[in-house]
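Trainee: After the structure tokens below, expect a handful of questions from me.
Just so you know, all these numbers are worked out from the coordinates, no wet-lab data involved. Bear in mind that the values here come from a model prediction, so they are computed numbers and not experimental data. Every residue, glycine as well, gets a Cβ built from its backbone with ideal geometry; the counts of neighbours run over all protein chains shown.
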Amino acid sequence: MDKNKKTLTISSDLKKKIDTTSIKTSGKKSFSVEKKKPFRTNKSLNKSIAPTTANTQSDIKKKNFTRKFIEQQATKDFIKKDNQPAGKSKLKLKGPVDKRDFKLTVSRALNVEEIEIKQRSLASVKRARLKEKKKPDSDEKKEFKKVIREVKIPEQISIQDLSNRMAEKSSDIIKFLFNMKVVATINHNIDKDTAEYIVKEFGHKPILEEKPSIEKTKSKEKFEGEVKNRPPIVTIMGHVDHGKTSLLDSLRDSNVVLGEHGGITQHIGAYQVTTENKKLITFIDTPGHAAFTEMRARGSKITDIVVLVVAADDGIKPQTIEAIKHAKAAKVPIIVAINKCDLPEKNISKIKNEMMQYELIAEDLSGDTLFVEVSALKKINLDKLKENILLQSEILDLKASYSDKASGVVIESKIDKGKGPVSTILISNGKLKKGDYFICGDTWGKIRAMINYEGKMLNEALPSMPVEILGMNNSAYAGAEFFVTKDEEEAKELSEFRINNSNENKKTLAKDKATLFEVDKDKDELNIIIKSDVQGSSEALKTAITKIEHKEVEAKIILSDIGMINETDVSLAKASNAILIGFNVKPNREAKKLAEEQKIDIKYFNIIYEAIDYVQKSLSGLLEPDLKEKIIGSAEIQKVFKVSNAGKIAGSKVINGEIKSKSKARIIRDGVVVYTGEILSIFREKNQVKEVGTGLECGISIKDFIDFKEKDLIESYLTEEIKRSI
């Protein structure tokens, strides 16, 4: 019987665990099934077995049925059909599928239900427990509460800065503005009202920043410490070449005029003069040229008394009238100094009478204005002028504190090659000491050194004293207010606030949304870069150039700065196709070399009106020339000839003037211009000629035109280009 038994073994490669505990076997995992015995009839036994045949047949049928059922079930569950995808099998195996894994064995066939139950591995259980420990509230979603912030809002703020202060995404702010039909970028500046609205919409609290203030001691009551009489600040004003600087030289016993280009003053100069009584007078010399209006206005604002210089031989001029207006606007008393009174062609009475229309009436004409006749060259009546200035200052009763924190005004500013940013400051109140921290305009610094008008180093400066200070971080603009602060922190804070809120350097988002991205380029632009020695000259040149106006061309100043011309300026001129103007400055070695390589022409000027003339000529070059027609002759077509080589030729007779070859011509038919072109050739008696005079007949061929008719007129003309200027 053992030999006839079949043994089916389960493949050991099956990765899925099969529970075979129900099968009681020892050693080898096998299950023995008895082989089906063939039913053989024996004639000898037929009679004895006959009663039991019916029972045995029914048992065999049952066994066959169960075997077939098990085989079908096992085949259905484990054998992979061709049309069934591998992923849908109940045995989900990791890794590549092996056919031997699906080998059908009897033990597998008998334990179909146990195989279908998937058991979880120990490692999987451990991982699940660790996950639960890490995320105890994994089922409940955490709700993050929005942090409401207090957002400080200045006068102007960029979208980037606002997003940082709110801790919100800048893209969200841009989307919010876009929904309000405002197209903006991250670098756009918005005003405080718009910023306040945005902050409220985003759920934060807006707080408007308060302006940091400095106590300005202007009235007499606010003076603190040691209060004394201060020297008067006198501004000398008047027309060009009326002798302002010469008069000041005579008062100071110096010679500034010789050092000036073209004999005209182009900077504000500040000096102190000691009188015979050992009293000090501070003099400010202003330029008289028309371009220096801003300088004159600045001079009149910081002064106590204005000395109006008028030439005895020249009288009242435009800049004289302008100086009177500036002085009256500043509400300061005027002393009229009639200069050049030693000349024979002087006319003092005429000047006094002309001054009356500007409400300046001399004392000898029952007025209250002081008139002094002086001569700068021969030093006549200079003492009398000083006496009048001191007399006027006594009436004004000028006082200042000599121990309080210093305050003043920037007269002039420049960048020195060795010293860096240098500013001339006129102290109006307080004592300025070396080492003081200060704020000046939108820059700050520490007093490193102070130099007076004679070039001497000082440790302290008193009221009404002009000093040159070193130690600024950047160059200050002329006319900026100067204040001494408690410490470095206060100076930095005020400087940052002024930079952030300066309206000059930043442009806010346009309120008219329609014109936000419109660029008006109807005019031809001339790009200009200006580099000058001092701030005042740069300002004057910039103002004068912007006043040049024309319908077709425009001067655009892309850079106006002080200091030497450097490589950056040359590179900018190359990139923007600009003209580079150096006013009283020269380029450094590197810039000069780069300019030669890039073929950029740097124009140098010492006198302001020469620079303005050059800009005007450059702008005139951008204007399109005017075209002027000059008719030189006309001819009438008598007959039209056909020539095989040339096409149609107009047989014509010259009525007036002359017809020239290669000149421009127009065909006129019944008073209407039919064609405008060029005369190709002229033939006279089979010979080609250059021109044909009045009364002569000739054959004319016109370029790209053959539709000639009799009685047509051929008019010959020339066009001239006329250059235009501003």
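Trainee: Determine, for 147, 372, the number of other Cβ atoms within 10 Å of each Cβ, and report the residues in order from fewest to most. Could you put the intermediate results ahead of the total?
Mentor: Values: 147 9, 372 20.
In increasing order of surrounding Cβ atoms, one gets 147, 372.
Trainee: Any idea how far apart residue 609 and residue 416 come out in nm if each label point goes 7 Å out from Cα toward Cβ?
Mentor: Computed distance between label sites residue 609 and residue 416 equals 3.3 nm.
Trainee: For the range 374-413 and the range 629-678, what is the separation of their C-alpha centers, rounded to whole Å?
Mentor: Using only Cα atoms, the two centres lie 83 Å from each other.
Trainee: Turning to a different aspect of this structure: Which residues in the range 608-641 place their backbone N less than 16 Å from a point set 7 Å from the Cα of residue 548 along the Cα-to-Cβ direction?
Mentor: The answer is 608-624.
Trainee: Something else about it: Taking other Cβ within 10 Å of each residue's Cβ, how do 391, 458, 580 sort, fewest first?
Mentor: Sorted ascending by nearby Cβ count, the order is 391, 458, 580.
Trainee: Farthest toward the dipole's positive end in the range 521-622, which of 622, 541, 595, given Cβ charges of +1 (Lys, Arg) and -1 (Asp, Glu) about the Cα centre?
Mentor: In the range 521-622, that residue is 595.
Trainee: Right, another one. With each pseudo-label sitting 7 Å past Cα toward Cβ, what's the residue 207-residue 130 distance in nm, one decimal?
Mentor: So the label points at residue 207 and residue 130 sit 4.8 nm apart.
Trainee: On to the next question. Please get the size of the charge dipole for the range 626-722, origin at its Cα centre, with Cβ charges of +1 on Lys and Arg and -1 on Asp and Glu, quoted in debye to the nearest 20.
Mentor: Numbers: 17 positive and 16 negative charges, 77 e Å.
Once rounded to the nearest 20, the dipole reads 360 debye.
Trainee: Amide H to amide H, which residues 5 or more places from residue 436 or on other chains are under 5 Å from it, using H placed in the peptide plane?
Mentor: Excluding prolines and chain starts, which carry no amide H, the hits are 447.
Trainee: So who's got an amide H within less than 5 Å of the one on residue 556, skipping anything under 5 residues away but keeping other chains? H placed 1.01 Å off N, in plane.
Mentor: Correct list: 526, 527, 528.
Trainee: Related question: Rounded to whole Å, give me the distance from the Cα center of the range 481-501 to that of the range 540-584.
Mentor: Centre-to-centre (Cα) distance: 31 Å.
Trainee: Rounded if a/c is under 1.5, else prolate if a/b is larger than b/c, else oblate: which is the range 305-346, with a ≥ b ≥ c the root eigenvalues of its Cα gyration tensor?
Mentor: Since a/c reaches 1.5 but b/c is at least a/b, the shape of the range 305-346 is classed as oblate.
Trainee: Got a sec to turn the phi values of the range 177-186 into Karplus ³J(HN,Hα) couplings, 6.51 cos²θ - 1.76 cosθ + 1.60 with θ = phi - 60°, whole Hz, x for Gly and Pro?
Mentor: 5, 5, 5, 8, 6, 10, 8, 9, 10, 5
Trainee: Between residue 121 and residue 590, what's the calculated FRET efficiency when r is the beta-carbon distance and R0 is 60 Å? Round to 0.05.
Mentor: With R0 = 60 Å, the Cβ-Cβ based efficiency is 0.20.
Trainee: Provide the per-residue ³J(HN,Hα) series for the range 353-370, in order, calculated from phi with Karplus coefficients 6.51, -1.76, 1.60 and θ = phi - 60°, each as a whole number of Hz, with x at glycine and proline positions.
Mentor: Values per residue, Gly and Pro as x: 5, 5, 5, 5, 5, 9, 6, 10, 9, 5, 5, 6, 10, 6, x, 10, 8, 7 Hz.
Trainee: List 283, 176, 69 from most exposed to least, where exposure is judged by having the fewest other Cβ atoms within 10 Å.
Mentor: On the way: 283 24, 176 16, 69 10.
With the sparsest Cβ surroundings first, the list reads 69, 176, 283.
Trainee: Skipping prolines and chain starts, which residues have an amide H placed within reach, meaning under 5 Å, of the one on residue 153, given they are 5 or more residues away or on another chain?
Mentor: 207, 208, 209
Trainee: Under the Karplus relation 6.51 cos²θ - 1.76 cosθ + 1.60, θ = phi - 60°, what is the ordered set of whole-Hz ³J(HN,Hα) values for the range 595-610, x standing for Gly and Pro?
Mentor: The phi angles translate into 5, 5, 5, 7, 6, 10, 8, 9, 9, 10, 9, 10, 10, 5, 5, 5 Hz.
Trainee: Assign one of three labels to the range 521-622, namely rounded, prolate or oblate, based on the Cα gyration tensor with a ≥ b ≥ c the square roots of its eigenvalues; rounded applies when a/c is under 1.5, prolate when it is not and a/b is larger than b/c, and oblate otherwise.
Mentor: Because a/c hits 1.5 or more and a/b fails to exceed b/c, the range 521-622 counts as oblate.
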